[in-house]
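**Q** Next up is a structure, given as structure tokens.
The values are calculated or read from the model by the stated rules, or taken from the named source; none is laboratory data. Since we're looking at a predicted model, the values are computed, not measured. Note that each Cβ is placed from the backbone with ideal geometry, even for glycine, and that neighbours are counted across all protein chains shown.
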Amino acid sequence: MTDGIAAITFVAFLLLLFTGQVDTAAILGGFIPARIGDPQLLAGADAVPVWLTPLSCTLIHAGWLHIGFNLLMLVFCGRQVEQVLQKRAVLILYVAGAYGAALLQWVFGPASPNPMVGASGAISAILATYALLYGQRAVRRIGPFSANFLRIMWLAAGWIILQLMIGLASARGGLGDLGQIAIAAHIGGFLAGLVLTRPLLLWRFRKGPKPLV
């Protein structure tokens, strides 16, 4: 599943790049928060239905660095997650991450006309599950809070801080070559992965011993 998603994403990137349609695809297929409140924003422009754009935007990338980093993370972490949860769970994580990313991007900029593109949000969900499954540092229960809950909270806090630092550096030009970064989308996708990991584990091993997370 992971390799299939990566292959489809890469082929879509090449087609858009070599036909010179990246900018057009970003407008017609990217996730534009303002379209939620104004469905007529791109009326008559043959745009992807707004409810599908969280998925269609994952097939659109701004350049080689953008696609390269995303696919590296997807293939490396996705294969590891797939070994534990199998293919269907990876697909669920990817789709949920895409919609979680779009949701938080909309929450923090509902009137934004800027299209969000790239699979980073969807991949962030898989990264979250990878971190929960393969994290080596032990976390102890504190009072009424379970070890699993505290691990999720620590990972969420760490990821949010990291994304805010990246956004701050980018705004100041430190990462200017990466262009505008959808920080909220990365956080939204990651949170979706954190929330779904345990249910997917229980679903995967529902007929056998329940794993400890």
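**Q** Determine which member of the set LEU41, LEU59, LEU71 is touching a residue at least 60 places away in the same chain (Cβ under 8 Å) and over 13 Å from the mean Cα position of the chain (by Cα).
**A** One residue alone meets the criteria, LEU41.
**Q** Is it fair to say ILE126 is at pLDDT 75 or above, within 25 Å of ALA34 (Cβ to Cβ), surrounded by 14 or more Cβ atoms within 10 Å (Cβ to Cβ) and hydrophobic (A, V, I, L, M, F, W, C)?
**A** Spelling it out, it is not the case that ILE126 is at pLDDT 75 or above, within 25 Å of ALA34 (Cβ to Cβ), surrounded by 14 or more Cβ atoms within 10 Å (Cβ to Cβ) and hydrophobic (A, V, I, L, M, F, W, C).
**Q** Let me ask something else about it. Can you tell me which residue within the range 39-81, out of those that are polar (S, T, N, Q) and closer than 18 Å to ALA182 by Cβ, is surrounded by the most Cβ atoms within 10 Å (Cβ to Cβ)?
**A** THR58
**Q** Let me ask you something else. Kindly indicate which of PRO199, PRO113 is loosely packed, with under 12 Cβ neighbours inside 10 Å and modelled with pLDDT of 75 or more.
**A** Matching residue, one of PRO199, PRO113: PRO199.
**Q** Take the conditions in contact with a Ser or Thr (Cβ under 8 Å, 6 or more places away or on another chain), surrounded by 17 or more Cβ atoms within 10 Å (Cβ to Cβ), assigned to a helix (DSSP H, G or I) and not aromatic (Phe, Trp, Tyr) and apply them to ALA26. Does it pass?
**A** So ALA26 does not fit the description; no.
**Q** Okay, next question. From the list GLY44, GLY78, exactly one residue is not in a helix (DSSP H, G or I) and not aromatic (Phe, Trp, Tyr). Which is it?
**A** Being not in a helix (DSSP H, G or I) and not aromatic (Phe, Trp, Tyr) holds for just one of GLY44, GLY78, which is GLY44.
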